[in-house]
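**Student:** Mind looking over this structure? Questions follow.
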Amino acid sequence: MKRKELTEKYAFGQSKLKFYKQFISENLITKKQILTDEYAKTEITYLGKLMDLDNQNYYHVITSFKIIGIGEMESPRGMSNIAFINKNVDKAIIYQVGMPDELPEKIENKILYFTHKSEKIGVSILGGLPPMLCIPKIGCN
């Protein structure tokens, strides 16, 4: 089952790869980029490179929060994603999370940091990405 889930995540990531890879820029690390159109607003942040603990692989990490229905809906909807793009920038895996406060904020010393209720939570990657991204106290996506 895990293999099937991971295959599906990679297929979805491939469909979004072109969109996300345009935001990879060392000059824009942790700087929010905003895209707007008539009915949506998307906030994208490139967090930089997350090195796998094997010291051979790394992933470009990009977060996005999209608000859909701005201007016309009484209750706009949103969705948050964490995109991991491999070092060759030819494969991506995207994890959907619930709220924008569940997105990671930075990368330091091979650790991806989240903040949950004022508590800093660090996550490392060892041997590749799992089919589900499970963050202590936040949950699995």
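**Student:** Pick out, from the stretch 1-94, the strands (runs of 3 or more DSSP E) lying fully within it that include 3 or more residues that are farther than 19 Å from I125 by Cβ and in contact (Cβ under 8 Å) with a residue 24 or more places away in the chain. Before the answer, list the steps.
**Tutor:** Working: elements: 32-36, 40-51, 58-68, 77-86.
In the stretch 1-94, 40-51, 58-68 are the strands (runs of 3 or more DSSP E) which contain 3 or more residues that are farther than 19 Å from I125 by Cβ and in contact (Cβ under 8 Å) with a residue 24 or more places away in the chain.
**Student:** Could I ask something else about it? Out of the residues in the stretch 57-66 that are more than 15 Å from L133 (Cα to Cα) and hydroxyl-bearing (S, T, Y), which is least open to solvent (accessible area, probe 1.4 Å)? Spell out the reasoning first.
**Tutor:** Residues of the stretch 57-66 that are more than 15 Å from L133 (Cα to Cα), as a first pass: 57-58, 60, 64-66.
Then drop every residue that is not hydroxyl-bearing (S, T, Y), which leaves 58, 64.
Numbers: Y58: 51, S64: 7 Å².
Here the answer is S64.
**Student:** Go through the stretch 27-56 residue by residue and tally those that are open to solvent by 60 Å² or more (accessible area, probe 1.4 Å) and under 18 Å from A92 (Cα atoms).
**Tutor:** Result for the stretch 27-56: 3.
**Student:** If I filter the stretch 1-17 down to residues being surrounded by 11 or more Cβ atoms within 10 Å (Cβ to Cβ) and aliphatic (A, V, I, L, M), which single residue comes out as farthest from the chain's Cα centre (by Cα)?
**Tutor:** If we take residues in the stretch 1-17 being surrounded by 11 or more Cβ atoms within 10 Å (Cβ to Cβ) and aliphatic (A, V, I, L, M), then L6 is farthest from the chain's Cα centre (by Cα).
**Student:** If you don't mind, another one. Is it fair to say Y20 is surrounded by 14 or more Cβ atoms within 10 Å (Cβ to Cβ) and not hydrophobic (A, V, I, L, M, F, W, C)?
**Tutor:** Numbers: surrounded by 14 or more Cβ atoms within 10 Å (Cβ to Cβ): yes; not hydrophobic (A, V, I, L, M, F, W, C): yes.
Yes, satisfied.
**Student:** For the stretch 94-141, give me each residue that is among the aliphatic types (A, V, I, L, M) and more than 18 Å from G78 (Cβ to Cβ).
**Tutor:** Residues of the stretch 94-141 among the aliphatic types (A, V, I, L, M): 94, 97, 99, 103, 107, 111-112, 121, 123, 125-126, 129, 132-133, 135, 138.
Of everything in the stretch 94-141, those that are among the aliphatic types (A, V, I, L, M) and more than 18 Å from G78 (Cβ to Cβ) turn out to be I107, I111, L112, I121, V123, I125, L126, L129, M132, L133, I135.
**Student:** Looking at (1) modelled with pLDDT under 90; (2) within 26 Å of A11 (Cβ to Cβ); (3) not charged (D, E, K, R), which one does A92 not meet, given that it meets all the others?
**Tutor:** Failing condition for A92: (1).
The values are calculated or read from the model by the stated rules, or taken from the named source; none is laboratory data. Since the model is a prediction, treat every value here as computed from it, not as a measurement. Cβ atoms come from the backbone with ideal geometry, glycine included; neighbour counts cover every protein chain shown. The accessibility values were calculated without ligands, DNA or RNA, using every heavy atom of the protein model including side chains. Shrake-Rupley method; radii C 1.70, N 1.55, O 1.52, S 1.80 Å.
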